[in-house]
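Data first, discussion second: the structure below is written as structure tokens.
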């Protein structure tokens, strides 16, 4: 009987502990891995690692990886929703956290990238959206209360 109780106790503890701990990798569709790798490296100062048999890995400042993979047909990671910012809103797939959002916003604008205005949504931190050269849309966020 003690064995059954131990197994049941372990099952209950496991059920209460989240089974997913963090996002380890993200995959981005790109039309040309070499061009995309160069853009992410030059624009953000990120390290790029070639991936075999193809694609590339872009390494963020915290060590997290973004895989850049060529698509056979033009695709982005964006999707359309009515549940975020109005009807048929083109939703971003990722939000990046940064330490100097004003400088990044300026750099992206100067690079000619699609960049939306910088804003503070009711004290939720500074944010803006941008697109990479393939049209993948992202949100950028900085918690200014920490500074």
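Data table
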{"item": "For Rg and Dmax of the Cα atoms in Å, calculated from these coordinates, the label among (1) 19.7, 70; (2) 16.8, 66; (3) 13.8, 41", "result": "(1)"}
{"item": "Folded to 0 to 90 degrees: helix 101-111 orientation relative to the chain principal axis, Cα", "result": "50 degrees"}
{"item": "Inter-label distance for residue 143 and residue 8, nm, one decimal - labels placed 7 Å from Cα along Cα-to-Cβ", "result": "4.1 nm"}
{"item": "Inverse mean reciprocal Cα-Cα distance (Kirkwood Rh) of segment 48-93, Å", "result": "12.9 Å"}
{"item": "Pairs of alpha carbons in segment 22-73 whose separation is greater than 18 Å (percent)", "result": "22 percent"}
{"item": "Helical mean residue ellipticity (222 nm; -39500 (n - 2.57) per DSSP H run of 4+; nearest 500) of the chain", "result": "-8000 deg cm²/dmol"}
{"item": "Cβ-Cβ FRET estimate between residue 73 and residue 116, R0 fixed at 41 Å, reported to 0.05", "result": "0.95"}
{"item": "Relative contact order [Cα under 8 Å, 6+ residues apart], segment 62-127, whole percent", "result": "16 percent"}
{"item": "Separation in nanometres of the label points that stand 7 Å from Cα toward Cβ, at residue 88 and residue 52", "result": "4.8 nm"}
{"item": "Top of 109, 11, 75 by mean-square fluctuation, Gaussian network on the chain, Cα under 10 Å", "result": "11"}
{"item": "Where labels lie 7 Å past Cα in the beta-carbon direction, separation of residue 102 and residue 59 in nm", "result": "3.1 nm"}
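Every number here is computed from the coordinates shown, using simple stated rules; none is lab data. Fair warning: this is a prediction, and the values are worked out from it, not measured in the lab. When we count neighbours, we look across all protein chains shown, and the Cβ atoms used for this are built from the backbone with ideal geometry, even at glycine.
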